[in-house]
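Quick note: the coordinates plus some simple rules give every number you see, no bench work behind them. Since the model is a prediction, treat every value here as computed from it, not as a measurement. Backbone-built Cβ (ideal geometry, glycine too); neighbour counts: all protein chains shown.
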Amino acid sequence: MTLSALSPVCQTASAVTLSGGSPSGGTYSGTGVTGNSFDPATSGVGTFAITYSYTNANGCSSTAQSTMVVNAVTTASMSTPDAVCDNTSSFALTTGTPSGGTYSGTGVSSNNFVPSVAGVGTTTITYTYTNAQGCASTATASQVVNAAPTVTLGSFTNLCSNAAAITLADGSPTGGTFSGNGVSGTTFTPSVAGAGTTSITYSYTNAQGCTATANSPIEVDAAPSVTLSSITPLCINSPAITLTNGSPAGGTYSGTGVIGNTFTPTNAGTTPLTYSVTAANGCSNSSQTNIVVNSLPVVTLSNFGTVCINGSPVTLSGGQPSGGVYGGTGVSGGEFNPASGLGLHTISYTYTNANSCTNTATSNIIVNPAPTVNLGVDTLVCGQATVVLNAGSGFTTVQWSTGSTASSISVDSSGVGFGTKTITVSVTNSAGCLGRDTLQITFDNCSGIETSHEPAFGVYFYPNPFNGNFHILCERTLDYNIYDISGRLIESRKDIQGNYETGDDLAAGTYFIEFSSKDQRRVYQLVKATGKN
């Protein structure tokens, strides 16, 4: 009798049909054996003796034995995995124990679970573990795959980098969140994002905790870089200026007082000036500065009185604030010279303040004429003569050096005797202007006066006495004056030389003729008869 070795079986294996007994036709017996079947579930784990019995035709029986090994099974288990979303990335399955087994089921590939393959719903995952004896055990768990939401995000128009922040919208379903460079909450700020293309992401999570996103680009165009340099302060009366301080060129200026690229000061104070530039991409930018327009100083000039044309230069005053400059016809070094002319003169006072702003005030000064008084030329008379001096008429006041205030006075040699007496008269007109003249009267002892020529002096006159006219012969250049007996100047000539004839206009009588040069003087008696030569 023989019985071949039996292959080990696992505890969980199905009943096996026994074979290998020889000769065939015998019967099997042993633990777990029923008929010719061995059931591991009946025998349990262990090593069991299997007997094969055979009876031949002679009624003789014999047996053979072999062993049946029943190996234990390691129990596999698998916890229920968390629900996932159908847009969740593939992930490794790890909830089966002991580790080292294999997973299988819809959506399972190489122990990884791919939700998008499994699809929305509940999928059974099987975990199979085989121990060292080759005995396998399985466990199952349900994997829930939830549907991710369908999320959309509308398109965005281009923005400039200096544009105002915008509120993000057009994300669906509502209630999601925005993210991306330059995004804060639901606000997108172009200046934070910077120039270029920025991707805006809209994320939405549904009630099952599944999140989906949508993206949309937003183009941020660079705004031009604009500068505007400062302008030197102006005065309210400054001429219009051409604006050139904006960069880059080609922009536009705006502000109070600006027309085109010209600024005209109109109001004192600080005036905002804006320079704006639009680039080829349609983005605009601007820069601003202030133009300071200073007011003019308040300048006043007090009224001037009247002056006389023969008066001394007048120191000008009355201009406020102090420190200005006086100007006008006849003005020099802060003085007005009345000799510049009669009539109305406009005096200006110009003052420049600390802001270099200049203003001018004006006032008039009147130059009145001075009275003219002429007592004639100096006179030579005989000691016993009386000279009548007349100042003239039309004066407000007349004051003689003798103390008289009459229009005319008589002067004789009283208190002088033979010698020179100086007489001065001062007169004023209705404007209060003063006129003055001085005359010297020489009282001479006429008995000592020559009656003929004096060759040593270089002058000859003849005949003397004369009728009609007489001749003067000068060897050098001389001046002569003819006075009557009262000392009144009758005739005067200057720079005569050679032969000169005169006397036709003289009445008959006694005269004095005075000859003078630069350093000499001679007086002669001259008589004209009633007849003619």
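With each label modelled as a point 7 angstrom along the Cα→C-beta vector, the residue 39-residue 112 pair spans 4.6 nm. Residues in region 193-210 carry Karplus couplings, in order, of 5, x, 5, x, 9, 10, 8, 9, 10, 10, 10, 9, 10, 8, 5, 8, x, 8 Hz; the curve used is 6.51 cos²θ - 1.76 cosθ + 1.60 with θ = phi - 60°, and Gly or Pro positions show x. Full extension of the chain segment joining residue 342 with residue 197 gains 43.7 nm, where the gain is 0.36 nm per residue of separation less the Cα-Cα distance.
What FRET efficiency do you get for residue 147 and residue 167 if R0 is 30 Å and r is their Cβ-Cβ distance, rounded to the nearest 0.05? Mind dumping the intermediate values first?
Details: r = 30 Å, r/R0 = 1.00.
Efficiency, rounded to the nearest 0.05: 0.50.
Here the residues 518, 528, ranked from fewest to most Cβ neighbours within 10 Å of their Cβ, fall in the order 518, 528. Here r is the Cβ-Cβ distance between residue 390 and residue 306 and R0 is 25 Å; the resulting FRET efficiency, rounded to 0.05, is 0.30.
Once Rg and the Kirkwood radius are both taken over the C-alpha atoms of region 449-528, their ratio Rg/Rh works out to 0.92.
Region 213-271 and region 136-164 have Cα centres spaced 49 Å apart.
Each label was represented as a point 7 Å from its Cα along the Cα-to-Cβ direction; for residue 360 and residue 90 these points are 9.7 nm apart. Between residue 380 and 442, the built amide H atoms are under 5 Å apart, and every one of these is 5 or more places off in sequence or on another chain. Close amide-amide hydrogen proximity is noted between residue 466 and 527, 528, 529, each under 5 Å apart and 5 or more residues distant or on a separate chain (H modeled in the peptide plane; Pro and chain starts excluded).
Taking 0.36 nm per residue of sequence separation and subtracting the Cα-Cα distance, how much length would be gained by fully extending the chain between residue 225 and residue 520, in nm to one decimal? Please report the intermediate quantities before stating the final value.
On the way: separation 295, 0.36 × 295 = 106.20 nm, distance 9.61 nm.
Length gained between residue 225 and residue 520: 96.6 nm.
The string of couplings for region 485-494 from the Karplus curve (6.51, -1.76, 1.60, θ = phi - 60°) is 5, 8, x, 6, 6, 9, 8, 8, 9, 10 Hz, one whole number per residue in order, with x for Gly and Pro. Computed from the Cβ-Cβ distance with R0 of 30 Å, the FRET efficiency linking residue 467 to residue 492 stands at 0.85. Once C-alpha pairs closer than 8 Å and six or more residues apart are averaged by separation and normalised to the residue number of the chain, the relative contact order reads 6 percent. Scanning residues 5 or more positions from residue 74 or on other chains, those with amide H under 5 Å from its amide H are 131, with H placed 1.01 Å from N in the peptide plane. Along region 122-128 the Karplus relation, 6.51 cos²θ - 1.76 cosθ + 1.60 evaluated at θ = phi - 60°, assigns HN-Hα couplings of 10, 10, 8, 10, 10, 10, 10 Hz to successive residues, with x for each Gly and Pro. Estimated from helical segments only, the mean residue ellipticity of the chain at 222 nm is -500 deg cm²/dmol, where each DSSP H run of four or more residues counts as -39500 (n - 2.57).
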